[in-house]
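Report on one structure; see the data block that follows.
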Amino acid sequence: MPDRNHDGRPFSLRDGVEFPPIPTHPEPVKHSWKRRRLTLWIILVLLGGTVWLGVYAWNQGFTKKWRGLIAKELAKHGLRADIGRLTLDPVEGLTARDVKLFDMTQRGQHLADIDRISLDIDVARLLSQEDFLRTIHLQNADVTLPVDPADPASDLLTVRDLNAKLVFQKDRIEIARAEGVVSGILVKATGMVRKPPGRAVTREETERIKEERTRQLREMRDRRGAFLSVLRVIERFQIPRVNGVPGRRHKAELTLEVEGDLSDIDRMEIRASLSGGPLEHRGGWVDGFQAKGLLSEGTLTLHQLEVKDRHGALHAAASWKIRQAPAVEITADCTLDLQSLLRTALDDAPWLGEVVCYTPPDLRWAGRWFTSPGGGQWPLEGQGSIKAGRFLTRGVVFDGLEAKLALGPQGLIYVRDAVLTHHTGEVRGQAMLGPAGERYEVDWHMAAGPVIPFLPEGGVRSLLERFGFDNASRIAVRLQGDRAEGTDRWRHAGRLQLRDFSYQKTPLREVSADLIANGAAEVPLIFRNAVLEMEEGLGKAKEVRVDPSQKLLWIVGGESTLRPAPLLHLFLPPLGRELEKYRFVKPPDARMEGVIDLKGLTRSDYRINLRTRSRCGLDVAGQPMEFDQTAGTVQVKGPELTVKLSGTIVPG
């Protein structure tokens, strides 16, 4: 259309417009319909072909050649893959399905299974035979990792609902984002890892790399096994429910930042942060927990670990130079209910049921934990302390326990400043136990009853069960002992003093003596300077020797102002009852020597010399009689009892 009129003026809409004439003979309608129908058929054929290709690509996947091409490209980035199918998904695009990842240096080492991976490729670079893989996407994928890559029947670690994006660059791989769920823990990761440079390596270097990788795979197996054990414990903790529904989706959230070189995994840097709670477990409740750690230059550092419950908290830190140091450095302070946590975490720990704490103890520790202790070596080394309130064990309630503890190499245990309290008193002591020998010191001011349930049947336990103590009883025992290296016999020495108690149901005011006990000696138990006081008098002995296994008792230099019947009733109740027929108004003076058979009379051989200080009564031929100035002997030899007494008959 001209932009000016025929007279030269500019064109205006007010001016008339000339249109070309309309043809008077239009194209036949029949030909136009045929063209439209042909176009429709072409579109349907193309659409059907596209759908068929899509279905074929989904069901059958690309050919083995294409899968090999993709696998070869992944190998350039340090991922040796076996792709089950390579499909074209209308939403996810090019997708590798049923992917198995293997180690680059050892083909048989199966590292992981991934159900599907979306691939973003550069077609132009593919056609020019250049690196064409740009990104890898994982959408709600499941990843399984065998704990032992060399074992086809190995336990598996599983990451569910994994969403991740890996960006491949020339010399590095960027973890743009990664999120997955492991045993109820949401794991998030970001970072950047550098790819090993592509260069020719010598045969010697290849062998060295293979050996190094074998070591890394072995360590990976151990770490995965330890991690699986931790996950199994975590699965015992549950998210609290509100109206029957879990209060949140995940037990905790773990954030990871990764940076390093794939050619030197030992020097990679990983920053980790964990937080979560509250959680329920069969033993109680955890209000919350958090932790921060760093793996850098081959050193694993736990900067902070904090766990809280209604009783208190656990604060801990640790450091480990992997493969450079044999042990992990640990410090910890704990006031939370550790017993209930251990009962939940440990499968077989019957010893936890031995003690019931009314309030959780205060535990402190600083030392080292050996990851692979040698023969005879404790897994722990260091020093710490325990302070506990009231607790119940084996039916006995104790008021408290305090002690400082040190563990040394080769199984050395050192306990010092230990104090065990009971409503009847307390026990203080210290001990050192180890392969080079053992020794202890104890200062006992507590009743014997509370310790009886902890002793084995027979022996000392059966002896202590013959004693009777009440609130008025007092016990003071100071002992020290040692066991030489290579022997199983202890030597003990000290002094004991017991007041206001009973033995064999006979009341006693006091028993005191210097004690020597030696399991390797001919006579295992010796009491020196022994004193026995009853209401009516006193008994002394230079030595009282006891052989518990033979049930024999020797008395050396015995002196007494006690009646013979109740004195002998302590050792031989039948003989004591036999001597009750001799009625002394006042206890006689007596001297005693010999051996007493505590099992019976067969081996007994002892003699008592008596001299009365008052009248003595005796039934003779059924008639009661009394004597003055009575003196004589009582002798027991085997089953025979011989009494020889002389005195003056009191008239009437």
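The values are calculated or read from the model by the stated rules, or taken from the named source; none is laboratory data. If you're wondering where the values come from, they're calculated on a predicted model, not measured in any experiment. Counting neighbours? That spans all protein chains shown, and the Cβs are built from the backbone with ideal geometry, glycine included. Heads up: the accessible areas ignore ligands, DNA and RNA and are worked out on the full protein's heavy atoms, side chains in. Shrake-Rupley method; radii C 1.70, N 1.55, O 1.52, S 1.80 Å.
On inspection, PRO373 passes the criterion of being out of contact with any strand residue (DSSP E or B) (no Cβ under 7 Å at 6 or more places or on another chain) and within 30 Å of LYS321 (Cβ to Cβ). Please verify whether GLU457 is assigned to a strand (DSSP E or B), surrounded by fewer than 17 Cβ atoms within 10 Å (Cβ to Cβ) and over 29 Å from the mean Cα position of the chain (by Cα), treating the condition exactly as stated. No; evaluated as a whole, the condition is false for this residue. Can you pull out the residues in segment 602-648 that are open to solvent by 70 Å² or more (accessible area, probe 1.4 Å), assigned to a loop (DSSP other than H, G, I, E, B) and closer than 30 Å to SER549 by Cα? Result: THR602, ARG603, PRO639.
Which pairs do you get when a residue that is open to solvent by 40 Å² or more (accessible area, probe 1.4 Å), found in segment 365-394, comes within reach of a residue that is of a type in the set (Asp, Glu) and in a loop (DSSP other than H, G, I, E, B), reach meaning Cβ atoms under 7 angstrom, with the pair 6+ apart or on two chains? Once the first residue is open to solvent by 40 Å² or more (accessible area, probe 1.4 Å) and sits in segment 365-394, its partners that are of a type in the set (Asp, Glu) and in a loop (DSSP other than H, G, I, E, B) give ARG390/ASP399. Filter segment 231-243 down to residues that are surrounded by 12 or more Cβ atoms within 10 Å (Cβ to Cβ) and either in contact with a Lys or Arg (Cβ under 8 Å, 6 or more places away or on another chain) or not basic (Lys, Arg) (or both), then give me how many there are. Residues flagged as surrounded by 12 or more Cβ atoms within 10 Å (Cβ to Cβ) and either in contact with a Lys or Arg (Cβ under 8 Å, 6 or more places away or on another chain) or not basic (Lys, Arg) (or both) within segment 231-243 amount to 8.
Has segment 424-447 got at least one residue that is farther than 23 Å from ARG491 by Cβ, acidic (Asp, Glu), part of a strand (DSSP E or B) and at pLDDT below 95? Looking through segment 424-447, at least one residue is farther than 23 Å from ARG491 by Cβ, acidic (Asp, Glu), part of a strand (DSSP E or B) and at pLDDT below 95.
Applying the criterion of being assigned to a strand (DSSP E or B) and of a type in the set (Phe, Trp, Tyr) to the residues of segment 360-406, the residue that is farthest from GLY312 (Cα to Cα) is PHE370.
Across segment 471-513, the number of residues qualifying as within 25 Å of HIS569 (Cβ to Cβ), in a strand (DSSP E or B) and open to solvent by less than 90 Å² (accessible area, probe 1.4 Å) comes to 15. Condition first: open to solvent by 40 Å² or more (accessible area, probe 1.4 Å), at pLDDT below 80 and among the charged types (D, E, K, R). Can you find one or more residues in segment 323-335 that meet it? Yes, some residue in segment 323-335 is open to solvent by 40 Å² or more (accessible area, probe 1.4 Å), at pLDDT below 80 and among the charged types (D, E, K, R).
Can you give me the number of residues within segment 244-272 that are in contact with a strand residue (DSSP E or B) (Cβ under 9 Å, 6 or more places away or on another chain), more than 30 Å from ARG80 (Cβ to Cβ) and open to solvent by 50 Å² or more (accessible area, probe 1.4 Å)? Adding up the residues that qualify gives 4.
When segment 567-601 is filtered for residues that are part of a strand (DSSP E or B) and farther than 15 Å from VAL546 by Cβ, the ones remaining, listed by number, are ARG583, PHE584, ASP589, ALA590, ARG591, MET592, GLU593. Of the candidates VAL531, VAL556, VAL544, VAL523, the single residue that is farther than 19 Å from ARG439 by Cα and buried (at least 18 other Cβ atoms within 10 Å of the Cβ) is VAL544.
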